[in-house]
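Chemist: Structure in C-alpha cells, see below.
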Amino acid sequence: MSDIVQIGDDVLRKKAQPVPRGEITAEKFQDIIKRMKEALATQPDGVALAAPQIGEPWRIFVVSHKMFMDYDEIDPDNPPLDRDRVFINPEIVNTSKKKLSMDEGCLSVRWKYGQVERHKQATVRAYDEKGEEFQLGGSGLLAQIFQHETDHLDGILFVDKAENLRDINPENSNH
Ligand code: ZN
C-alpha cells in the first residue's frame with residue numbers, strides 16, 4: 001500500500017515527467033497505476049489522485065469510478081477499480097471561457113479547503129493504461145478535477161491559487 005504524500009514533500013513541487021509511450025504497458029508503470037488506484041480507494045472523500053501524490057514523479061492521474069458510476073452501483077467493500085479512469089501524459093486541449101469559483105480540497109493538503117477559480121468545462125487528451133489515446137470532456141466537478149490534477153503534474157497545489165483557505169476538522173468529515 002502506498003501512502004499519500006503530504007505538502008512539504010519535494011515530489012509534489014517537481015514537474016512530473018512524461019511516460020514514454022512504448023512503456024505504458026510495462027510492469028513498472030502498470031504497478032504505479034495499480035498503487036495509485038489502491039491508494040485512492042482508501043480515501044472515502046477522494047475522487048482523483050496524481051502519481052506524485054504517491055511519490056512517483058510521472059505524468060499520470062487517476063479519476064475514481066465514483067465519478068462515472070451511480071452510488072448504488074458501487075460495493076464499498078469491493079470497489080470496482082477497473083472502472084477508475086487513468087490519464088497518462090494528459091493535456092487539457094480545450095476549456096470554456098466561463099469560470100466558476102469552486103470549493104476545493106486535496107488528499108495531499110489535509111484538511112484545508114478553499115475557493116479556486118476553474119474553467120466550467122475542460123477537455124483532456126491522454127493515453128489510457130493500455131496505451132490508447134482518448135479525449136474526454138467534463139463540466140463542473142469533473143472539469144475541476146482535470147484542472148486540479150494537471151496542476152499536480154506541474155508541481156502546483158490548489159493552495160497556491162485558493163482564496164478563503166480554512167481548516168475543516170476531520171472529525172466532522174466522513175473519517
Ligand atoms: Zn490534489
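Chemist: If you take the Cα atoms of segment 51-155, find Rg, then find the Kirkwood Rh from the mean of 1/r over all pairs, what is Rg/Rh?
Modeler: 0.96
Chemist: Expressed as cubic angstrom per residue, what is the convex hull volume of the alpha carbon set of segment 34-106?
Modeler: That works out to 124 Å³ per residue.
Chemist: Enter the accessible area per residue of the chain (Å², integer; probe 1.4 Å; all protein chains in place).
Modeler: On a per-residue basis, the chain sits at 53 Å².
Chemist: Hey, rough spin-label estimate for Leu136 and Lys98, points 7 angstrom out along Cα→Cβ, what's it come to in nanometres?
Modeler: According to this spin-label approximation, the distance is 2.3 nm.
Chemist: So what does log10 I(q)/I(0) come out to for the chain at q = 0.10, 0.12 Å⁻¹, using the Debye formula with one equal point on every Cα and no solvent?
Modeler: -0.36, -0.52
Chemist: Would you pull out the residues with amide H under 5 Å of Met102's amide H, same chain only if 5 or more places away, H placed 1.01 Å from N?
Modeler: Val116, Glu117, Arg118
Chemist: Then there is this: What is the spin-label model distance, in nm, from Asp45 to Asp10 if the labels are put 7 Å beyond Cα along the C-beta direction?
Modeler: Each label point is offset 7 Å from its Cα along the Cβ direction, giving 3.1 nm.
Chemist: What is the packing order of peptides 8-16, 48-56, 148-156, taking the mean over residues of other C-beta atoms within 10 Å and listing the highest first?
Modeler: In descending order of packing, they fall as 48-56, 148-156, 8-16.
Chemist: Can you work out ³J(HN,Hα) from phi for every residue in segment 154-163, in order, using Karplus 6.51 cos²θ - 1.76 cosθ + 1.60 and θ = phi - 60°, giving whole Hz and x for Gly and Pro?
Modeler: 9, x, 9, 10, 4, 5, 5, 10, 7, 10
Chemist: Here's another thing I want to ask about it. To check my understanding: the extent here is largest minus smallest coordinate of the Cα atoms along each principal axis. What are those three numbers for segment 1-71, in Å, largest first?
Modeler: 35, 31, 20
Chemist: Per residue of segment 36-41, in order, report the coupling 6.51 cos²θ - 1.76 cosθ + 1.60 (Karplus, θ = phi - 60°) as ³J(HN,Hα) in whole Hz, putting x for Gly and Pro.
Modeler: Residue by residue, segment 36-41 yields 5, 4, 5, 5, 5, 5 Hz.
Chemist: Now, a different point. Rounded, prolate or oblate for segment 95-175? Axes are the square roots of the Cα gyration tensor eigenvalues, ordered a ≥ b ≥ c, and the cut-off for rounded is a/c under 1.5.
Modeler: Note, shape of segment 95-175 comes out prolate.
Chemist: Could you work out the percent of alpha carbon pairs in segment 84-128 separated by over 11 Å, rounded to a whole number?
Modeler: Summing the P(r) of segment 84-128 above 11 Å gives 72 percent of all pairs.
The values are calculated or read from the model by the stated rules, or taken from the named source; none is laboratory data. Everything numeric in this text was worked out from a predicted model, so none of it was measured. Positions of Cβ are generated from backbone atoms using ideal geometry, with glycine treated the same way; all protein chains shown enter the neighbour counts. SASA here: full protein model, heavy atoms, side chains in, ligands and nucleic acids out. Shrake-Rupley method; radii C 1.70, N 1.55, O 1.52, S 1.80 Å.
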